[in-house]
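Here is the structure we will look at.
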Amino acid sequence: MGTAIVQQNSMPMSVEIERVLMMGDLSKLTPDQRLSYYNATCKSLGLNPLTRPFDYIALNGKLTLYAKRDCTDQLRKIHKVSIREVRAQKVDDLYVVVCSAEDADGRTDQSTGAVNITNIKGEALANAMMKAETKWTPCGRREKQRTTTKISRQDALRFRSPSGPARSS
């Protein structure tokens, strides 16, 4: 396994690197190049790649890294981020979750997630309410993750979900 992103086919290396760095699209990289990029991303953030802090997701025709719960757990530890509050409330037909965090320097930030709960009852309502907090992240709390990446200043890890574009809330 190499550690550098190398040229594939006849596409100039600068085009591949630009696609990855500026567009967030890993789809044209070889598996070895993607692994190198994955490991380089982990190293740059101080994350342990053996814990699989990222998943690959296909979104809007792009293959990109998606920060999982383990990623944000590690970022919270590295940057000494504390989740201060997770508030949930019903606002008209929406169930809204707000997460607030604070870092070691006293800097605070928050993120908001919401789902439509119109005409939903029982187990479907319970699932929708959990979705407002977890959204498309099967192993973590999305609002906590989003707030962690914001307060840790990890803009490259803005959250993408299959239902929409990158958000920074």
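Show which aspartates and glutamates lie in cross-link reach of LYS62 when reach means a straight Cα distance below 20 angstrom and same-chain residues fewer than eight apart are skipped.
Within the straight-line limit of under 20 Å, LYS62 reaches these aspartates and glutamates: GLU16, GLU18, ASP25, ASP32, ASP155.
When N counts the residues of the range 50-106, how does its alpha-carbon radius of gyration compare numerically with 2.2 N^0.38 Å, as a ratio?
Details: Rg = 15.3 Å, N = 57, 2.2 N^0.38 = 10.2 Å.
Compactness ratio reported: 1.50.
For the pairs LYS43/LYS77; LYS43/LYS80; LYS28/LYS77; LYS43/LYS131, note any where the Cα-Cα span goes beyond 23 Å. Present the calculation step by step, with values, prior to reporting the outcome.
On the way: LYS43/LYS77 15 Å; LYS43/LYS80 18 Å; LYS28/LYS77 33 Å; LYS43/LYS131 31 Å.
The pairs that break the limit, which is 23 Å between Cα atoms, are LYS28/LYS77; LYS43/LYS131.
Suppose each label sits 7 Å from its Cα in the direction of the beta carbon; what would the ALA40-SER14 distance come out to in nanometres?
Here the modelled spin labels are 1.6 nm apart.
None of the figures in this text is laboratory data; all of them are computed from the coordinates on show. Remember, predicted model here, so these are calculated numbers, not experimental data. Every residue, glycine among them, receives a Cβ derived from its backbone with ideal geometry; neighbour counts consider all protein chains shown.
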